Amino acid sequence: MAVEIQRKLFTVAEYHQMIQAGVFREDDRIELLNGELMTMSPIGIKHMECVNQLTTLLVPRLTGRATVSIQNPIQVGQHSEPQPDVALLRPRSKRKALPPPDDVLLVIEVADTSVDYDRDEKIPAYGRAGIAEAWRVSLTDGWIEIYREPSPAGYRTLRKVLPDEQVSPQAFADVELDAGEILNR
């Protein structure tokens, strides 16, 4: 008789219990996505520089209008707590919990070594959660993918932005960014 093997999917609450119990070290690079613990790629120089560039471009333009959150977790349903490279959040004076999807205006994933994971796993999870917009900055391909119109399957629309084009967050159409600057080109 064959026995069906099932995966144990974790909830965000169970994940937090494991963190509090010391199962993970503070510097462990893991995140919870779709109930599974995922090991995140180490941060390389190109990835770091791109995140720093995004921070430099976004913070002065959005101060007082949004919180620019860098590599911090957000809660995406009961089984996911991803750590986007950049998230634009609705401003709140003092958060008492992780930002839920309604507070997330934009998530940005910088893809260098994690290209497939970001495109195939994280971006669709953001769309299924109802996050209005996600960007995937593909350092390997040299373009930015803009995902909008969240749906139960992920996102309905995708637009590729090349280095010689401008891009604006949907929530802040007046904030124009040069794609080449983001891509360090």
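Readers should treat all values here as calculations from the given coordinates under stated rules, not as data from a laboratory. In this text the structure is predicted, and so the values were computed from the model without any measurement. Positions of Cβ are backbone-derived with ideal geometry, glycine not excepted, and every protein chain shown enters the neighbour counts.
The mean sequence separation of alpha-carbon pairs under 8 Å and at least six residues apart, normalised by the residue count of the chain, gives a relative contact order of 15 percent.
Residues whose amide H lies under 5 Å from that of residue 133, counting only those 5 or more places away or on a different chain, are 107; hydrogens are built 1.01 Å from N in the peptide plane. Basic side chains Lys and Arg get +1 at the Cβ, acidic Asp and Glu get -1 at the Cβ, and with that the dipole of the chain about its Cα centre reaches some 580 debye.
Model label sites at residue 176 and residue 57, defined 7 Å from Cα along the beta-carbon direction, differ in position by 1.3 nm. Using the Karplus relation 6.51 cos²θ - 1.76 cosθ + 1.60 with θ = phi - 60°, the per-residue 3J(HN,Hα) values for segment 57-71 come to 6, 7, 4, x, 7, 10, 4, x, 10, 7, 8, 8, 9, 10, 6 Hz, with x marking Gly and Pro. Would you mind classifying segment 31-84 by shape? Square roots of the alpha carbon gyration tensor eigenvalues, ordered a ≥ b ≥ c; an a/c under 1.5 is rounded, otherwise it is prolate if a/b is larger than b/c and oblate if not. Judged from the Cα gyration tensor, segment 31-84 comes out oblate (a/c at least 1.5, b/c at or above a/b).
Please give the length that would be gained between residue 151 and residue 78 if that part of the chain were fully extended, namely 0.36 nm times their separation in residues minus their C-alpha to C-alpha distance (nm, one decimal). Walk me through the intermediate numbers first.
Values: separation 73, 0.36 × 73 = 26.28 nm, distance 1.75 nm.
Going from the current span to full extension adds 24.5 nm.
If one computes the Cα centroid of segment 91-169 and of segment 1-23, what distance in Å separates the two points? Computed from Cα coordinates, the inter-centre distance equals 27 Å. Within the listed set 74, 123, 30, the residue fluctuating most in the Gaussian network model of the chain (springs between alpha-carbon atoms under 10 angstrom) is 30. Listed values for segment 131-144 are Karplus-derived 3J(HN,Hα) couplings in whole Hz (6.51 cos²θ - 1.76 cosθ + 1.60, θ = phi - 60°), namely 5, 4, 8, 9, 10, 10, 8, 8, 5, 6, 8, x, 8, 10, and x replaces Gly and Pro. Rounded to the nearest 0.05, what FRET efficiency do residue 7 and residue 184 have when you use their Cβ-Cβ distance and R0 = 22 Å? Between residue 7 and residue 184 the formula returns 0.05.
For segment 9-19, backbone phi angles converted through the Karplus equation (6.51, -1.76, 1.60; θ = phi - 60°) give residue-by-residue couplings of 9, 8, 8, 4, 4, 5, 4, 5, 5, 5, 5 Hz, Gly and Pro being listed as x. By DSSP, the beta bridges lying fully in segment 41-182 are antiparallel in about 80 percent of cases. Here's the picture: charge each Lys and Arg Cβ at +1 and each Asp and Glu Cβ at -1 in segment 67-114, and of 70, 91, 113 the one pushed furthest to the positive end of that dipole is 91. For the residues 136, 148, 92, a GNM of the chain with alpha-carbon springs under 10 Å puts the largest fluctuation on 92.
Going by the alpha-carbon gyration tensor, a ≥ b ≥ c the square roots of its eigenvalues, is segment 16-121 rounded (a/c under 1.5) or, if a/c is not under 1.5, prolate (a/b greater than b/c) versus oblate?
Values: a/c = 1.72, a/b = 1.17, b/c = 1.48.
Because a/c hits 1.5 or more and a/b fails to exceed b/c, segment 16-121 counts as oblate.
When mean projected area of the Cα convex hull in nm² is calculated for this entry, the matching label among (1) 19.9; (2) 14.1; (3) 12.4 is (3).
For residue 33, nonlocal amide neighbours, meaning residues 5 or more places apart or on other chains whose placed amide H falls under 5 Å from its own, are 38, 81.
Give 46/94; 46/160; 8/46; 46/96 a once-over and call out the pairs whose C-alpha atoms are over 25 Å from each other.
Working: 46/94 33 Å; 46/160 20 Å; 8/46 35 Å; 46/96 33 Å.
Going by Cα-Cα distance, 46/94; 8/46; 46/96 fall outside the 25 Å limit.
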